[in-house]
Amino acid sequence: MSLSHGGWRACSTDPHLASYNSLGDRRTSESQPAVTPVFSAPTLPPRAGLDSHFKLNIEPNHTTLAGHAFEHDIIMASKYGFLGSIDANTGTPELGWDTDQFLMEPKKAALIMLAVIEQGGLGSGVLNFDAKVRRESTDVEDMFIAHAAGMDTFARGLRAAAKIAQEGTLAAWLKQRYSSYDSGIGAKIEGGRTDFKELESWVVANGDAKPRSGQQEKFEQLLNAYV
């Protein structure tokens with residue numbers, strides 16, 4: 001079964017369920033694309049008791065249409081345990097439309113493949129080239145080049161992601177950056193075991209938190225070194 005809506009599609013892991021699209025195609029009209037934040041999607045199968053039967057197919061082109069970073073919905077679906085397959089495409093953000101272009105950016109491919117590696121693969125899912133050449137690419141060889149280059153991009157991304165995962169530097173930096181949530185009041189916040197009254201008392205007793213650099217450029221340069 002396939003429940004499709006906006007930037008995600010819930011695909012059944014049960015081969016006995018018939019294919020069905022209950023929420024319509026990706027567009028609500030010719031003038032307005034339908035986009036849905038992926039973090040709302042994982043609540044649907046559990047509410048219906050179908051969380052062991054469904055995974056999500058994520059299309060990054062739709063992710064950017066929803067105003068998110070390219071890799072956002074893939075990572076979110078993976079963290080929820082619902083990433084099942086990926087439409088391996090991208091778009092031109094300036095157009096604001098679903099252009100289904102071949103991905104040619106290794107850094108973005110690396111972020112996608114890192115999420116796949118960290119969850120142990122896609123199982124029965126796939127990287128689906130839901131993509132087409134651009135309108136001005138009119139030669140037959142353009143189709144060959146686009147498919148070959150698209151596969152090469154994901155291959156480069158996979159090699160970079162494997163090295164990132166193997167060396168563990170990025171993971172260690174991220175763990176340190178958010179270490180304040182591993183214990184004390186931070187752990188209670190993350191676990192949903194506190195409230196505003198307790199937080200107010202904590203601030204009164206401990207004072208304001210000391211600002212600490214997010215080191216954004218340092219993280220970005222580390223990623224650049226792998227690609």
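The values are calculated or read from the model by the stated rules, or taken from the named source; none is laboratory data. Treat the numbers as computed from the prediction; the structure is a model and nothing was measured. Note that we place each Cβ from the backbone using ideal geometry, even for glycine, and neighbour counts take in every protein chain shown.
Any residue that is among the aromatic types (F, W, Y) and more than 19 Å from A131 (Cα to Cα) - is there at least one of those in the stretch 56-70?
no
Collect the residues in the stretch 41-50 that are at pLDDT 70 or above and surrounded by 13 or more Cβ atoms within 10 Å (Cβ to Cβ), keeping them in residue-number order.
Within the stretch 41-50, just L50 meets the criteria.
Those residues that are closer than 15 Å to S180 by Cβ and either outside any loop (DSSP other than H, G, I, E, B) or not assigned by TED's automatic domain parsing to the domain that holds G186 (or both), I need them from the stretch 207-227; list them, please.
Scanning the stretch 207-227 gives no hits.
As an exercise: evaluate I145 against (1) among the aliphatic types (A, V, I, L, M); (2) part of a loop (DSSP other than H, G, I, E, B); (3) within 30 Å of D98 (Cα to Cα) and give the number of the one condition it does not meet.
Looking at each condition in turn, I145 falls short on (2).
Could you list, in sequence order, all residues of the stretch 188-206 that are part of a helix (DSSP H, G or I) and over 25 Å from the mean Cα position of the chain (by Cα)?
Matches in the stretch 188-206: K188, F196, K197, E198, L199, E200, S201, W202, V203, V204, A205, N206.
Please indicate, with yes or no, whether at least one residue in the stretch 154-162 is of a type in the set (K, R), in contact (Cβ under 8 Å) with a residue 60 or more places away in the chain and assigned to a helix (DSSP H, G or I).
Within the stretch 154-162 (the criterion being of a type in the set (K, R), in contact (Cβ under 8 Å) with a residue 60 or more places away in the chain and assigned to a helix (DSSP H, G or I)), the answer is yes, since at least one residue qualifies.
Out of the stretch 47-101, which residues are without any contact (Cβ under 8 Å) to a residue 60 or more places away in the chain, among the small types (G, A, S) and part of a helix (DSSP H, G or I)?
S78 - this is the single residue of the stretch 47-101 that is without any contact (Cβ under 8 Å) to a residue 60 or more places away in the chain, among the small types (G, A, S) and part of a helix (DSSP H, G or I).
Yes or no: the stretch 74-87 includes at least one residue that is of a type outside the set (A, V, I, L, M), farther than 24 Å from E167 by Cβ and in contact with a Ser or Thr (Cβ under 7 Å, 6 or more places away or on another chain).
Within the stretch 74-87, not a single residue is of a type outside the set (A, V, I, L, M), farther than 24 Å from E167 by Cβ and in contact with a Ser or Thr (Cβ under 7 Å, 6 or more places away or on another chain).
Where residues in the stretch 109-143 are touching a residue at least 24 places away in the same chain (Cβ under 8 Å) and of a type in the set (D, E, K, R), which of them is farthest from L158 (Cα to Cα)?
R134
With the condition kept exactly as written, say whether any residue in the stretch 208-217 is free of Cβ contacts under 8 Å to residues at least 24 places away in the same chain, within 21 Å of A110 (Cβ to Cβ) and not polar (S, T, N, Q).
yes
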